[in-house]
Amino acid sequence: MGILLVACTLFVLLVAGEVHGSRSHATGEEVKQKFHAPINETSSIRGLIGHVSPHLQDSSDAIVYFAYHGAASAPNGYYGFIGTMDVYGLPLAQGQGSAAAVWIADEGDGAPSSLKNIMIGWDVLPDLYGDSKTHFYIKWTNDGFQSTGCLNLKCNGFQPEKGAAITPGDVIDHVSSPNGAKRNLNLKIIKNGTSGDWLVYCGLDPQLIGRFPRSLFTGGFADRAVGVTFGGVVSAPITKPTPMGSGYLPTDVKSAASISNIQFVDQNGRAWPVTGDLPKLETNRNAYAVTPIVNGRFYYGGHEQPPMV
């Protein structure tokens with residue numbers, strides 16, 4: 001059920017190899033067995049479209065593309081993620097949306113209401129923010145958004161750290177140039193062994209910016225995540241294809257977006273670099289794709305980069 005459940009997680013939330021040195025994480029082959037199922041179009045898709053382009057939610061013209069890697073079969077679960085994302089500026093129009101994220105989840109029995117998830121990353125969503133700027137964002141739910149969870153600080157839940165350098169929803173002013181200097185977003189989300197809170201760190205030298213209290217979540221997700229997924233997603237009408245990442249396919253690694261320094265955190269709080277490949281999902285590899293993970297880095301994205309204004 002792996003790739004189906006992870007795909008459903010993404011649909012709801014965006015409206016979401018071998019690890020060296022520790023057998024507590026699954027090998028690439030074991031994870032592939034969890035991720036072999038095809039994607040079905042479920043009602044969860046509408047949740048995704050409702051986030052990246054709200055007015056397209058009931059439109060037959062809406063298209064959503066994914067390109068990501070994921071892991072979902074560590075015997076003891078996942079207690080955190082560490083990674084570095086390139087950040088880009090995209091001059092998008094109303095009806096377009098593009099995001100890069102890491103999401104940790106417990107999909108429960110697969111029903112939409114059993115989804116428990118936290119997502120962090122960057123996005124460009126004119127329909128939600130009223131601009132085409134790049135924003136840092138978070139999103140969470142304990143029941144598939146039936147009655148809990150929200151984007152950024154639109155509800156009680158995430159607790160920002162006093163004096164934090166960045167707050168969910170803030171604009172990221174310094175972005176990468178596909179053919180020039182890269183600007184990075186260094187992220188960590190780690191389960192605190194004492195309080196049980198999910199702690200979020202961000203910055204060049206990641207500093208604590210806030211927490212998701214343990215009390216927000218029920219079931220197993222209060223203690224650990226079942227899956228970790230990371231990559232890109234875009235949504236747009238058929239007539240307005242949207243760039244993912246930098247807009248370049250990863251056949252051009254000098255210009256394509258990347259996620260690097262990928263590490264998983266175990267139940268003892270120890271970070272383990274991902275040195276081998278993990279299963280991937282590409283809903284249309286000719287338009288949006290990911291490369292294999294090599295030494296904790298992969299490239300992703302696609303479609304052309306609109307001229308910056």
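The values are calculated or read from the model by the stated rules, or taken from the named source; none is laboratory data. Source: prediction; values computed, not measured. Here the Cβ positions follow ideal geometry from the backbone for every residue, glycine too, while neighbour counts run over all protein chains shown. Please note that ligands, DNA and RNA were not included when accessible areas were found on the heavy atoms of the full protein model with its side chains. Shrake-Rupley method; radii C 1.70, N 1.55, O 1.52, S 1.80 Å.
Structural remarks
- Residue match in region 78-88 (condition: of a type outside the set (V, I, T), assigned to a loop (DSSP other than H, G, I, E, B) and open to solvent by less than 10 Å² (accessible area, probe 1.4 Å)): no
- Scanning region 194-216 for residues that are touching a helix residue (DSSP H, G or I) at 6+ places or on another chain (Cβ under 9 Å) and basic (K, R) gives a single hit, R214.
- Among all positions in region 168-186, there is at least one residue which is under 27 Å from H303 (Cα atoms), open to solvent by less than 40 Å² (accessible area, probe 1.4 Å), not in a loop (DSSP other than H, G, I, E, B) and not hydroxyl-bearing (S, T, Y).
- Flag: S235 does not match the condition of being farther than 18 Å from H135 by Cβ and at pLDDT below 95.
Condition check ((1) farther than 17 Å from L199 by Cβ; (2) surrounded by fewer than 19 Cβ atoms within 10 Å (Cβ to Cβ); (3) out of contact with any Cys (no Cβ under 7 Å at 6 or more places or on another chain)) across all residues:
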| residue | (1), (2), (3) |
| --- | --- |
| S113 | yes, yes, yes |
| L125 | yes, no, yes |
| G144 | yes, no, yes |
| K162 | no, yes, yes |
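- Within this structure, A225 fails the test of being surrounded by 14 or more Cβ atoms within 10 Å (Cβ to Cβ), modelled with pLDDT of 90 or more and farther than 27 Å from A67 by Cα.
- The set of residues from region 89-111 being more than 12 Å from the chain's Cα centre (by Cα) and assigned to a strand (DSSP E or B) comprises G97, D106.
- Verdict on I189 being within 21 Å of R297 (Cβ to Cβ), of a type outside the set (G, A, S) and touching a strand residue (DSSP E or B) at 6+ places or on another chain (Cβ under 7 Å): yes
- Number of the condition not met by V265 [criteria: (1) touching a Pro at 6+ places or on another chain (Cβ under 9 Å); (2) open to solvent by less than 10 Å² (accessible area, probe 1.4 Å)]: (1)
- Residue match in region 172-189 (condition: of a type in the set (S, T, Y) and closer than 30 Å to S113 by Cα): no
One line per residue, one yes/no per condition, for (1) over 28 Å from G163 (Cα atoms); (2) assigned to a loop (DSSP other than H, G, I, E, B); (3) touching a Phe, Trp or Tyr at 6+ places or on another chain (Cβ under 7 Å):
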| position | (1), (2), (3) |
| --- | --- |
| L199 | no, no, no |
| L204 | no, yes, no |
| G220 | yes, no, no |
| V233 | yes, no, yes |
| L249 | yes, yes, no |
| N261 | no, no, no |
| L281 | yes, no, yes |
| F298 | yes, no, no |
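Conditions tested, residue by residue: (1) surrounded by fewer than 22 Cβ atoms within 10 Å (Cβ to Cβ); (2) small (G, A, S).
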site	(1), (2)
P206	yes, no
F221	no, no
S235	no, yes
K240	yes, no
G245	no, yes
